[in-house]
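Single-structure report; data block below.
The values are calculated or read from the model by the stated rules, or taken from the named source; none is laboratory data. Just so it is clear, the model here is predicted, and its values are computed rather than measured. Using ideal geometry, Cβ is built from the backbone for each residue, glycine included, and neighbour counts are taken over all protein chains shown.
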Amino acid sequence: MAIEARNVSKRFGSFTALDDVSVTVGDGALMALLGPSGSGKSTLLRIIAGLESPDEGEVVIGGESVTDTPARSRGVGFVFQHYAPFKHMTVHNNVAFGLSVRRRPKAEIEARVRELLGLVRLDGLAERYPSQLSGGQLQRMALARALAVQPKVLLLDEPFGALDAQVRGELREWLRRLHDEIHVTTIFVTHDQEEAMEVAEQIVVMNAGRIEQTGTPRELYESPANEFVMSFIGPVNRIGDAYLRPHDVEILAHDDGAATEAMIKRVVHLGFEVRVELTLPDGRDISAQVTRATAHELELHEGQILPVRLPQPRVFAA
Amino acid sequence: MSSSASGSLALSPAPAGRAAPGRDGQRADRALRARKYGVRTVALGYLALLLLAPVAMIFYRTFEHGLTPVFDAIGEPNAQHAFWLSLEIVAISVPLNTIFGIGMALLLERGRFKGKALLGLLIDLPFAISPVVIGLALVLAYGKTGWLGDWLAENGIQVIFSVPGMVIATAIVSLPFVARETIPVLRELGTDAEQAASTLGASGWQTFWRITLPGIRWGVVYGVVLTTARALGEFGAVSIVSGRIEGETQTLPLFVQARFENFDVTGAYTAAVVLALLAFATLVLMNLLTRRTRADTAA
């Protein structure tokens, strides 16, 4: 079902968490709310879930206004940042909770729990307690628990924030595939641009309680609306008022007349990519990104002086 | 305590970190062990002197002439009455304070309202005020010449010198325990799980019974045990409010005091032993309860 937040504002004392924010998420879409901490992304998610109430504005799920509907009647599945496990219950009972408070028949609960534990690959762990699970397993249990009640929409607050890098990567891919399987409208909050770009179809970039830009990962990267989006989505060189991606800086083998000279300060090998930190003749530092092959071919090393070409940088209207 | 202070020297060489424990390591080990036993001896000695020895003396004096006088003393009607009256007061005041304490803890920890700090302070008042003062205050409020006295008399309700007043007095002096033990546990629990339950469709009531209460049961159980112990042993406030009428408004602690003053040593000691055993049973019960619940949360 489609989710819509219309002109939502929320203040906590003198702090404005959300300032007239409107977001639309299409039916079955997978959207990321991306922004630094304090940008209001979690508050927006909690308002959609009904865990906070907006000072102004409206929340619409599936065409119906739910602004005054309590969280428990909104039909949302919510996964908390720290999973919020029910520590005194087994994995089975955690997942069964939503069905059991709805007093569903026992046979139905058993069947659904088994199905979901299979879906999140926790089959053998039904009788464990949350304290006996790893972070990744807790995360999947929380997801199964949220999905058990067949929510109209799924909301995830920093779903991978507390996991180590490898588990994180696996779970991202898995969430992507899960979404292809079950097609429930999903919004997740993250501060990690790479995560947002990898998982989401649509990204809403937030900053200081406002939306900076909404678009596909590609749109955001290729045509950022402003400096904030440009520098938040991927690395950036700032030259005065102009912005330039490091991979747009070209290091040349021979001066072609249009190039400027630069000196290599440092060469950082990051695997396939090599980051080259350069100093321009006017003393400004920029970084360039080249492939391992290029770096090898040009024999890049510290102190080397070579020609570089800076394509037209992007300038944003003030 | 000086032995433990000098023993802290053992901290400088770390015996556990040594690849091959040489003579130095052994010496450090011994110092560490000496310190450990030193601390234990001091702690146990203190406990023995203040608590174990006097209580053991009571047990000894009670049973020194065999079991017959003890059974006689227990069987005595006034002793029986005092015993059941004490249990009755506990059976009423402890559940009341448990419900009140949990409610207060929720209000103070989860609620947002003006005057919260003041309320928190008020709850602790029964700890700060002497029970005797509480007893006197109750007599002033509910007694014949008291503030509510006329109204109560007109409606045929007797509070002072009867069980209702004793229950009130007991409830007041043991009021803060459940709330005070529950609040930190409630804070530790946080609100995430409760919010998760609400997004899963649980009503406020369901969330409380299935999520909040199991989450705070530690604090509640401990609070209940302390409340029970305090209620069983209450003397000061109840002594004033009850009028100490033998066979009518005499609780077990009042009975002990009365018998002791009348040189019925066996009666006094026997009742004291019963009182001590009741308290002991409460503690054992708590231990069993918490052990079982701990097992089902498993670590």
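Remarks
- Near pairs, Cβ below 6 angstrom, 6+ apart or cross-chain, from the range B:168-179 (in the same structural domain as B:GLU88 (by TED's automatic domain parsing)) to any residue that is assigned to a loop (DSSP other than H, G, I, E, B): B:THR170/B:GLU234; B:VAL173/B:GLU234
Okay, residues lined up against (1) surrounded by fewer than 21 Cβ atoms within 10 Å (Cβ to Cβ); (2) outside the structural domain of B:GLY75 (by TED's automatic domain parsing); (3) not aliphatic (A, V, I, L, M):
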residue	(1), (2), (3)
B:GLY247	yes, no, yes
B:ALA258	yes, no, no
B:ASP264	yes, no, yes
B:ALA272	no, no, no
B:MET286	yes, no, no
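- Output for the range A:252-280, where each listed residue is over 15 Å from A:GLY303 (Cα atoms) and of a type in the set (Gly, Ala, Ser): A:ALA253, A:GLY257, A:ALA258, A:ALA259, A:GLY271
- Residue count for the range A:93-121, restricted to those that are surrounded by fewer than 19 Cβ atoms within 10 Å (Cβ to Cβ) and away from every other protein chain (no Cβ under 13 Å): 11
- The residue list A:SER42, A:SER9, A:SER37, A:SER14 contains one member that is over 17 Å from the mean Cα position of the chain (by Cα) and touching a residue at least 12 places away in the same chain (Cβ under 8 Å), which is A:SER9.
Residues checked against (1) at the interface with another protein chain (Cβ under 9 Å from one of its Cβ atoms); (2) over 27 Å from A:PRO130 (Cα atoms); (3) crowded, with 23+ Cβ neighbours inside 10 Å; (4) among the polar types (S, T, N, Q):
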site	(1), (2), (3), (4)
A:SER37	no, yes, no, yes
A:GLY50	yes, no, yes, no
A:VAL66	no, yes, no, no
A:GLN81	yes, no, no, yes
A:LYS87	yes, no, no, no
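Table: residues versus (1) touching a residue at least 60 places away in the same chain (Cβ under 8 Å); (2) within 14 Å of another protein chain (Cβ to nearest Cβ); (3) among the aliphatic types (A, V, I, L, M); (4) part of a loop (DSSP other than H, G, I, E, B).
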residue	(1), (2), (3), (4)
B:THR212	yes, yes, no, no
B:ILE216	yes, yes, yes, no
B:LEU232	yes, no, yes, no
B:ALA237	yes, no, yes, no
B:THR249	yes, no, no, yes
B:ARG259	no, no, no, no
B:VAL273	yes, no, yes, no
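- Strands (runs of 3 or more DSSP E) contained in the range A:1-110 and holding at least 1 residues over 30 Å from A:ASP164 (Cβ atoms): A:3-12, A:15-25, A:56-61
- Selection from the range A:68-79 of residues that are facing another protein chain (nearest Cβ under 9 Å) and either out of contact with any strand residue (DSSP E or B) (no Cβ under 9 Å at 6 or more places or on another chain) or free of Cβ contacts under 8 Å to residues at least 12 places away in the same chain (or both): A:PRO70, A:ARG72, A:SER73
- Residue in the range A:208-217 that is modelled with pLDDT of 90 or more, among the hydroxyl-bearing types (Ser, Thr, Tyr) and exposed (fewer than 15 other Cβ atoms within 10 Å of the Cβ) present: yes
Yes/no matrix, rows are residues, columns are (1) under 30 Å from B:SER162 (Cα atoms); (2) modelled with pLDDT under 90; (3) touching an Asp or Glu at 6+ places or on another chain (Cβ under 8 Å):
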position: B:SER3; (1), (2), (3): no, yes, no
position: B:ALA10; (1), (2), (3): no, yes, no
position: B:ASP29; (1), (2), (3): no, yes, no
position: B:VAL42; (1), (2), (3): no, no, no
position: B:HIS65; (1), (2), (3): no, yes, no
position: B:LEU85; (1), (2), (3): yes, no, no
position: B:VAL94; (1), (2), (3): yes, no, no
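- A count restricted to the range B:124-156 and to residues that are closer than 30 Å to B:ILE183 by Cα and part of a loop (DSSP other than H, G, I, E, B) stands at 2.
- Of all residues in the range B:180-194, those that are free of Cβ contacts under 8 Å to residues at least 12 places away in the same chain and in a helix (DSSP H, G or I) total 2.
- Restricting the range B:151-204 to residues that are within 14 Å of another protein chain (Cβ to nearest Cβ) and of a type in the set (D, E, K, R), the residue that is farthest from A:ALA96 (Cα to Cα): B:GLU188
- Test: A:ARG128 is at the interface with chain B (Cβ under 10 Å from one of its Cβ atoms), touching a Phe, Trp or Tyr at 6+ places or on another chain (Cβ under 7 Å) and either closer than 23 Å to B:LEU213 by Cβ or at pLDDT below 95 (or both): no
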